[in-house]
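Contents: one structure, followed by commentary.
Derivation of every value follows stated rules applied to the coordinates shown; laboratory data play no part. Keep in mind that this is a model prediction, so the values were computed, not measured. Methodologically, a virtual Cβ is constructed for each residue, glycine included, from the backbone with ideal geometry; neighbour enumeration extends over all protein chains shown.
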Amino acid sequence: MAAFAGPPLCAAESAPPEGLSNSAASIHQETDYAASCQRVYRALTRASEFDALTRLSDAATLVTAPDAKATAISDQAGVPFTLFGGYITGRNLEVVRDRRLVQAWRAGSWGPGEYSVVRFELQPHGAHCTVALDQRGFPDSQGPSLAYGWRVHYWVPLGKFLNQQ
């Protein structure tokens, strides 16, 4: 019986399995707040609260522009959302009250049909809540801008908002 003569090992080791790529960029950020996860979750899923925290960021001009769309967000799976005057839109994919929010998420500057998946995980630590964000599937070259945007448009204003309450 003849032995199998497959490709050389070095070729098999350097070629990824068909269709699989490990080169996609992703964002992972964690932020701790001196608030309950229930309180943080409400700020991320109630339109009036999210609108208020947006107004505490340098993105406030987006929600006050003459053609701005109203902030709309929900804590229900399947419901679309509109944030930052309509610049950010998407749909809630998975919602676990006070624990997790997964969204199909896109920026207005992206091409048609370009969406990423954003996952917020809320972990309680005594009277504090740690929010872990993971974002995957965004257009090439958008990573640095998105990572910066999460900090200045979400995390910093959310901290200010929670401190006002």
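Quick notes
- Some residue of the stretch 110-122 being without any contact (Cβ under 8 Å) to a residue 40 or more places away in the chain, in contact with a Gly (Cβ under 9 Å, 6 or more places away or on another chain) and farther than 22 Å from T31 by Cβ: yes
- Residues that are of a type outside the set (K, R) and either touching a strand residue (DSSP E or B) at 6+ places or on another chain (Cβ under 7 Å) or under 25 Å from H28 (Cβ atoms) (or both) are absent from the stretch 62-69 altogether.
- Condition met for A132 (small (G, A, S), within 21 Å of D32 (Cβ to Cβ), under 11 Å from the mean Cα position of the chain (by Cα) and part of a strand (DSSP E or B)): yes
- Lone qualifier among S145, S141 - being among the hydroxyl-bearing types (S, T, Y) and in a loop (DSSP other than H, G, I, E, B): S141
- Among the residues of the stretch 65-99, those that are in a loop (DSSP other than H, G, I, E, B) and hydrophobic (A, V, I, L, M, F, W, C) comprise A65, A68, A70, I73, A77, V79.
- Residue in the stretch 65-73 that is under 16 Å from the mean Cα position of the chain (by Cα) and among the hydroxyl-bearing types (S, T, Y) present: no
- Hey, D32 surrounded by fewer than 20 Cβ atoms within 10 Å (Cβ to Cβ), under 21 Å from P112 (Cα atoms) and acidic (D, E) or not: no
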